[in-house]
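Beneath this line is the structure, given in C-alpha cells, with notes to follow.
The values are calculated or read from the model by the stated rules, or taken from the named source; none is laboratory data. Bear in mind that the values here come from a model prediction, so they are computed numbers and not experimental data. Cβ placement follows ideal geometry from the backbone for every residue including glycine, while neighbour counts extend to all protein chains displayed. Heavy atoms of the whole protein, side chains included, go into the accessibility calculation; ligands, DNA and RNA do not. Shrake-Rupley method; radii C 1.70, N 1.55, O 1.52, S 1.80 Å.
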Amino acid sequence: MPELPEVEVTRRSVGGMAGARVLAMQMGKPLRWPLGVAPASLVGLIAGTWQRRGKYLWLPLMQAEGASAGGLLWHLGMSGSLSFTAAPGPAGKHDHAEITTERGVLRLTDPRRFGAVVWSPALDMAPAAKLLAGLGVEPFDTTFGPADFHAALRGRRTPIKQVLLAGDIVVGAGNIYASDALFEAGIDPRAPAARIGPLRAGRLLAAVRQVLAEAIDAGGSTLRDFRDAHGSVGQYQGQARVYGRAGEACSRCGGIIQRIVQGQRATYFCPGCQRR
Ligand code: ZN
C-alpha cells in the first residue's frame, strides 16, 4: 500500500499540473468515499500547488481571478496511483477518476478502489478536516523534537512498532519504514513504547526521519504496483535494512534477520542488534 514516501513522491511528480485550467472531470466506479460535488462544477477552475498531509494529497483549486474555490483531497488507499500525462491512452477498467486540464490528464488508477477523491471547501473545513483529524505530526516537522516524541510515548504500553504504525504521534512510518527505523535505532519492535527512554526516543525519531528521507529519494517502495505520476517504480525495497529480509544476514552484526507478526502485520528485525 502506498505509504508517506510514495505519496510524497507522487506529490512531486504531479507538480507540473499547477496553474493548469480544468477542462473536464470524470468519475468511474465508486471509490471509498463519494466525490461530494458535481464533477462538471470544477470545469474552469485552476489547479494550485499540490500539498501532502500524512498519506493524503490536497489539490487546491482557484477561480480564474485567483480566489480559492476549494480543492480535492486524494487518498491512494491500498493500490492507488496517480498519473499526469500530456496524451494518455483511453481510460482502463481500473481508472476511476480523471481530470483533464489544458496541460495534461490526471488519472487515479486504483484496482482495489480503497482510494478516494473528495471535494472540500478548504483543507481546514469538513470534510477534509474531519478526514485529517487524528493524524500525528509530520515526520519532518522541525518543531517536534525528541523530548516531544518521548513524552508522547510515555503513556503507551503497546509495542513500539504498533505505536509507529498507528501514526497518531508521528505520521509516515508504515510497515516497511517502521521495521527499518527500529533497526536503525537499535530498538526491538516488541518493546513497550512507554519503556523507551529519552535517548532512545531521540534516536528513533531521527531514524524515522532518515529512513523516510531515503525512501523519498529512492522514489518510494514498489512492492506490488506503486508508480509515480510518470510511471516510475520505487527502489527503496531493494535497499531496505531488514524489511523483507528474513533469513538473511544482518548488515551490522551478521546475525540472522527474523520475521514475526505483530497486529497481523509482518515485522522484520535483528535480535542481535535490537534491544527491548
Ligand atoms: Zn544485527
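Looking at segment 95-116, which of its residues are of a type outside the set (A, V, I, L, M, F, W, C) and within 12 Å of MET78 (Cβ to Cβ)?
Correct list: ASP110, PRO111, ARG112, ARG113, GLY115.
For the subset of segment 251-269 comprising residues that are open to solvent by 20 Å² or more (accessible area, probe 1.4 Å) and β-branched (Val, Ile, Thr), which member is farthest from the ligand (Cβ to nearest atom)?
The extreme case among them is VAL261.
Looking only at segment 85-113, how many residues end up being open to solvent by 20 Å² or more (accessible area, probe 1.4 Å) and out of contact with any His (no Cβ under 8 Å at 6 or more places or on another chain)? Step through it out loud before you land on a result.
Keep residues of segment 85-113 that are open to solvent by 20 Å² or more (accessible area, probe 1.4 Å), which gives 85-95, 98, 100, 102-103, 107, 109, 111-113.
After this cut, where a residue has to be out of contact with any His (no Cβ under 8 Å at 6 or more places or on another chain) as well, the list is 86-95, 98, 100, 102-103, 107, 112.
The total comes to 16.
Output yes when any residue across segment 116-125 is of a type in the set (D, E, K, R) and either out of contact with any Gly (no Cβ under 9 Å at 6 or more places or on another chain) or closer than 13 Å to GLY70 by Cβ (or both), and no when none is. If you could, list the steps in order and put the result at the bottom.
Our first condition is that a residue be of a type in the set (D, E, K, R); within segment 116-125, this holds for 124.
Next cut, either out of contact with any Gly (no Cβ under 9 Å at 6 or more places or on another chain) or closer than 13 Å to GLY70 by Cβ (or both) only: 124.
For segment 116-125, residues of a type in the set (D, E, K, R) and either out of contact with any Gly (no Cβ under 9 Å at 6 or more places or on another chain) or closer than 13 Å to GLY70 by Cβ (or both): present.
In segment 20-40, which residues are free of Cβ contacts under 8 Å to residues at least 60 places away in the same chain and either more than 21 Å from ASP95 (Cβ to Cβ) or in a loop (DSSP other than H, G, I, E, B) (or both)?
First pass over segment 20-40, keeping only residues free of Cβ contacts under 8 Å to residues at least 60 places away in the same chain: 38-40.
Scanning segment 20-40 gives a single hit, ALA38.
Can you pull out the strands (runs of 3 or more DSSP E) entirely within segment 83-173 that have at least 2 residues that are charged (D, E, K, R) and not assigned by TED's automatic domain parsing to the domain that holds ARG195?
Working: elements: 95-101, 105-109, 116-120.
In segment 83-173, 95-101 are the strands (runs of 3 or more DSSP E) which contain 2 or more residues that are charged (D, E, K, R) and not assigned by TED's automatic domain parsing to the domain that holds ARG195.
Assigned to a loop (DSSP other than H, G, I, E, B), within 16 Å of the ligand (Cβ to nearest atom) and either closer than 27 Å to GLY77 by Cβ or touching a helix residue (DSSP H, G or I) at 6+ places or on another chain (Cβ under 6 Å) (or both), is that true of ARG241?
On the way: assigned to a loop (DSSP other than H, G, I, E, B): yes; within 16 Å of the ligand (Cβ to nearest atom): yes; either closer than 27 Å to GLY77 by Cβ or touching a helix residue (DSSP H, G or I) at 6+ places or on another chain (Cβ under 6 Å) (or both): yes.
Against the criterion (assigned to a loop (DSSP other than H, G, I, E, B), within 16 Å of the ligand (Cβ to nearest atom) and either closer than 27 Å to GLY77 by Cβ or touching a helix residue (DSSP H, G or I) at 6+ places or on another chain (Cβ under 6 Å) (or both)), ARG241 qualifies.
Evaluate the following for GLY272: is it of a type outside the set (Asp, Glu), on the phi < 0 side of the Ramachandran plot, within 16 Å of the ligand (Cβ to nearest atom) and open to solvent by less than 50 Å² (accessible area, probe 1.4 Å)? Write out each step before concluding.
Numbers: of a type outside the set (Asp, Glu): yes; on the phi < 0 side of the Ramachandran plot: yes; within 16 Å of the ligand (Cβ to nearest atom): yes; open to solvent by less than 50 Å² (accessible area, probe 1.4 Å): yes.
So GLY272 passes the test.
For segment 201-214, check the following and say yes or no: at least one residue is away from the ligand (no atom under 14 Å from the Cβ), within 30 Å of PRO111 (Cα to Cα), open to solvent by 10 Å² or more (accessible area, probe 1.4 Å) and under 20 Å from the mean Cα position of the chain (by Cα). Break it down stepwise before answering.
The initial filter retains those residues of segment 201-214 that are away from the ligand (no atom under 14 Å from the Cβ), namely 201-214.
Still in the list and also within 30 Å of PRO111 (Cα to Cα): 208, 211-214.
Checking which are open to solvent by 10 Å² or more (accessible area, probe 1.4 Å) leaves us with 213-214.
Next cut, under 20 Å from the mean Cα position of the chain (by Cα) only: 213-214.
Yes, segment 201-214 contains a residue that is away from the ligand (no atom under 14 Å from the Cβ), within 30 Å of PRO111 (Cα to Cα), open to solvent by 10 Å² or more (accessible area, probe 1.4 Å) and under 20 Å from the mean Cα position of the chain (by Cα).
Considering only segment 168-182, state which residues are under 19 Å from CYS273 (Cα atoms), of a type outside the set (Val, Ile, Thr) and out of contact with any Lys or Arg (no Cβ under 9 Å at 6 or more places or on another chain).
Correct list: TYR177 only.
Scan segment 226-238 residue by residue and report those that are under 17 Å from the mean Cα position of the chain (by Cα) and in a helix (DSSP H, G or I).
TYR236, GLN237
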